[in-house]
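Asker: Structure in structure tokens, see below.
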Amino acid sequence: MTIGVTALHVLSTLLVALLSAMSWGAGETGRIVLPMLPILAIVYWSGAERRPMLSSGVFITGLFADMVFQAPTGHWTLVALATALFVRAASRSASIRTPMRRSVIALAAIPLALASSWCLSFFYTGAPAPVWPYLSALPWLAAAFIPLAAVLGLADRLVERAGGERTVLGGGA
Amino acid sequence: MRHDIRSDSYQRSAQRLPQAMREASLWPFAGYIALAAAMLALSRIGHPYALAVQSVGHEVAAPLLRTASAVSAPFVGAMRRLTAFRTLVEENDRLVAENRRLRANETRARDLELRVTSLEALNKTVAAAKIDFVTARVIADSGGPFVRSVIIDAGRENGIKPGHPVMSADGVAGRVVIAGQRTSRVLLTVDFNSRIPVLAGPHQARAVMEGDNSPLARLSYLAPDSGARPGDLVVTSGVGGIFPRGLHIGRIVDTGEALRIEPSVRFDRLDYLSVLLFDPPTAALAGVELNSGTGTVPFQEGPIPPARPRSGGVR
């Protein structure tokens, strides 16, 4: 059962990463938004009540993101781990678990992920990246989380229907 | 006494934190974060291990990217057309102005070509070497805040090697940094790690184009008396042997703080790229076998090889 859930978390995130890496012709903001989409999937699965995404799953998908986005090895891995750690800790400490609460945690995780990405790029290049693309990516990512969560919630329900265990209660965002 | 109370409080907090982390199964995260940080640090210093991991990662991801690219091609195409609609009017105005300028230059270029040909014949100049090229499709974009590279679906089996220059229809796009069996990674000219010796201005002053991940590249080591001004063309100088001399890069622009280079290549619209199978002349002297391929383009005289789809039999 755990294997099925873990496979769902990992494979869905890998698929999101793979599709995000396609040459969509996005502008400067798109360059920030697209690699963050698999991080959003990790945010969704890490906030699951029953079986949150395993740290090993986060590590593997982060490494895969490094590969497909041609980033220095460890960059997206670190962003993914830091964000998942935050979501998991925040979800555990939350006394009431509702879709609204999950959405608030997810919305708080997005700026954290962007900030960690900016800091790591600063560490790597030694020069601060322009802040404006990051700020303008924020609303796009918040908006992208809703349909992404809906699709992942649908996949979760399909797995449940197929005999697996549903991980996120309440569905959707 | 106050100090003791604080000390007790710290101790209790210190005891509570590991327990909370254990309860939330967060300890494995700490281990993986340490591992990822070590990997990033190795990448930063260019450790051979990190480069090997990147190379292996490229080989692993390439077939998946090829498949995903083939499956998602209609959707990607539709999305790119959709985003292009936003700037359609602006793009059309730019193309009309450019077309007008190019028509004016065409007559002058033909006249100059005739003069150069006759002067070369008079001087018995050695004919310029021919450079083979292969054209490949862009299958993945790097994205992210600080890496500017793309993956193309041609690799070692097409004769591509690390260091080969890469062109789009508009000019120099970058150079190959990793050549896999059937895919290659191209470092774009605006990437932080890109340095290209160039000639700028009317007197062909030597300088270096330095990428800094912004749309405009830095123009470094340009002599103050070079005479270079905004609007002047920038071409490769051929120094260093990676790029042949005379490939079009872009134009000089003045940002108010410094002169910078606006690349002529639209990096957000890369579709097909041509890899010049160009080995440094010194490699030929050393007995290294030069590449041979299907397409042939004369450098220094002819236009930049146009991007051609693979169905055109380039590969």
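Asker: Scan (1) assigned to a helix (DSSP H, G or I); (2) modelled with pLDDT under 90; (3) closer than 18 Å to residue A:29 by Cβ for the single condition residue A:130 breaks and write down its number.
Answerer: Just one mismatch for residue A:130, condition (1).
Asker: Would you check if residue A:34 is under 12 Å from the mean Cα position of the chain (by Cα) and either within 8 Å of another protein chain (Cβ to nearest Cβ) or of a type in the set (D, E, K, R) (or both)?
Answerer: In short, yes.
Asker: Tell me which of these residue B:80 doesn't satisfy, since it passes every other one: (1) outside any helix (DSSP H, G or I); (2) at pLDDT below 80.
Answerer: (1)
Asker: What are the residues in region B:201-224 that are of a type in the set (Gly, Ala, Ser) and touching a Ser or Thr at 6+ places or on another chain (Cβ under 7 Å), if any?
Answerer: Result: B:201, B:205, B:207, B:211, B:217.
Asker: What tally of residues in region B:169-184 results from selecting those that are more than 21 Å from residue B:239 (Cα to Cα), within 14 Å of chain A (Cβ to nearest Cβ) and out of contact with any helix residue (DSSP H, G or I) (no Cβ under 6 Å at 6 or more places or on another chain)?
Answerer: Selection size over region B:169-184: 1.
Conditions (1) over 15 Å from the mean Cα position of the chain (by Cα); (2) more than 9 Å from every other protein chain (Cβ to nearest Cβ); (3) at pLDDT 85 or above; (4) buried (at least 19 other Cβ atoms within 10 Å of the Cβ), marked per residue:
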| position | (1), (2), (3), (4) |
| --- | --- |
| A:4 | yes, yes, no, no |
| A:11 | no, yes, yes, no |
| A:20 | no, no, yes, yes |
| A:66 | no, no, yes, yes |
| A:75 | no, no, yes, yes |
| A:93 | yes, no, no, no |
| A:99 | yes, yes, no, no |
| A:105 | no, yes, yes, yes |
| A:108 | no, yes, yes, no |
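Asker: Which one is modelled with the highest pLDDT, of the residues in region B:83-92 that are assigned to a helix (DSSP H, G or I) and surrounded by 11 or more Cβ atoms within 10 Å (Cβ to Cβ)?
Answerer: It comes out as B:91.
Asker: Taking residue B:192, is it buried (at least 24 other Cβ atoms within 10 Å of the Cβ), touching a residue at least 24 places away in the same chain (Cβ under 8 Å) and of a type in the set (Phe, Trp, Tyr)?
Answerer: no
Asker: So how many residues does region B:42-57 have that are on the phi < 0 side of the Ramachandran plot, out of contact with any Phe, Trp or Tyr (no Cβ under 9 Å at 6 or more places or on another chain), more than 7 Å from chain A (Cβ to nearest Cβ) and not hydroxyl-bearing (Ser, Thr, Tyr)?
Answerer: 6
Asker: Keeping to region A:51-64, report how many residues are under 11 Å from residue A:38 (Cβ atoms) and modelled with pLDDT under 90.
Answerer: The total comes to 0.
Asker: For residue A:133, state whether it is of a type outside the set (A, V, I, L, M, F, W, C) and more than 8 Å from chain B (Cβ to nearest Cβ).
Answerer: Answer is no for this residue.
Asker: Only one of these conditions is not met by residue A:116: (1) closer than 30 Å to residue B:80 by Cα; (2) in contact (Cβ under 8 Å) with a residue 24 or more places away in the chain; (3) buried (at least 24 other Cβ atoms within 10 Å of the Cβ). Which number is it?
Answerer: If we test residue A:116 against (1) closer than 30 Å to residue B:80 by Cα; (2) in contact (Cβ under 8 Å) with a residue 24 or more places away in the chain; (3) buried (at least 24 other Cβ atoms within 10 Å of the Cβ), just (3) comes out false.
Asker: Return only the number of the condition from (1) more than 18 Å from residue B:149 (Cβ to Cβ); (2) at the interface with chain B (Cβ under 10 Å from one of its Cβ atoms); (3) surrounded by fewer than 24 Cβ atoms within 10 Å (Cβ to Cβ) that residue A:80 does not satisfy.
Answerer: Every listed condition holds for residue A:80 apart from (3).
Asker: Based on this model, can you work out whether residue A:85 counts as under 20 Å from residue B:32 (Cβ atoms) and touching a Phe, Trp or Tyr at 6+ places or on another chain (Cβ under 7 Å)?
Answerer: Yes, satisfied.
Asker: Just one of (1) part of a helix (DSSP H, G or I); (2) within 11 Å of chain B (Cβ to nearest Cβ) trips up residue A:45, so point out which.
Answerer: (2)
Asker: Between B:229, B:185, which is over 30 Å from residue A:122 (Cβ atoms) and of a type in the set (Lys, Arg)?
Answerer: B:229
The values are calculated or read from the model by the stated rules, or taken from the named source; none is laboratory data. These figures come from a predicted structure and were not determined experimentally. Every residue, glycine among them, receives a Cβ derived from its backbone with ideal geometry; neighbour counts consider all protein chains shown.
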